[in-house]
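One structure below.
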Amino acid sequence: MNNKLIKFFMILVSSLMTQAAFSNTFHAVDTLSGLTADSEIAGTNADMTDRYTLPHSKVYIESCQREGLLRHPGIIEKQQILHRHGGFWVRLEIQARGGSEWFALCDLKTGKIIREQKLIDDVF
């Protein structure tokens, strides 16, 4: 009888210690980050969607693709995002319907094509 009581008491104490340790850890993380459960709920109810928006450097990718395909109807074979001198561009390689290949460079700040060039095929 005495052994069962000691086992029960030890299990109870260890579970309470574990619960206390984890609750202090999560509380400490919440206070360090400045977030509480109430602010998360309030943020959700306030329709704050700004953290789900695309970064400013990628907002105009779709408009760049559309403009490139409007100028040269076909298929975009390759797309590469370039970052140079503080600006972002997307480089598109378009296989046009007529069989020609086009290279287009689009500024992601404005969504406009700033350079385009027809790629020359090797003819023997």
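The values are calculated or read from the model by the stated rules, or taken from the named source; none is laboratory data. Every value quoted in this text rests on a predicted model; they were computed, and no experiment measured them. Positions of Cβ are generated from backbone atoms using ideal geometry, with glycine treated the same way; all protein chains shown enter the neighbour counts. These accessible areas exclude ligands, DNA and RNA; they are computed on the full protein's heavy atoms, side chains included. Shrake-Rupley method; radii C 1.70, N 1.55, O 1.52, S 1.80 Å.
Scanning the stretch 94-121 for residues that are farther than 20 Å from Lys58 by Cα and not in a strand (DSSP E or B), we see that the one that is most open to solvent (accessible area, probe 1.4 Å) is Arg97. Taking the stretch 77-93 on its own, how many of its residues are exposed (fewer than 15 other Cβ atoms within 10 Å of the Cβ) and part of a strand (DSSP E or B)? Of the residues in that region, 8 qualify. Within the stretch 81-109, the set of residues being within 20 Å of the chain's Cα centre (by Cα) and either of a type in the set (A, V, I, L, M, F, W, C) or under 12 Å from Glu67 (Cα atoms) (or both) comprises Ile81, Leu82, Phe88, Trp89, Val90, Asp107, Leu108. Checked against (1) in contact with a strand residue (DSSP E or B) (Cβ under 8 Å, 6 or more places away or on another chain); (2) open to solvent by 100 Å² or more (accessible area, probe 1.4 Å); (3) at pLDDT below 85, Lys58 passes all but a single condition, namely (2).
Please tell me if Phe26 is aromatic (Phe, Trp, Tyr) and at pLDDT 65 or above. In short, no.
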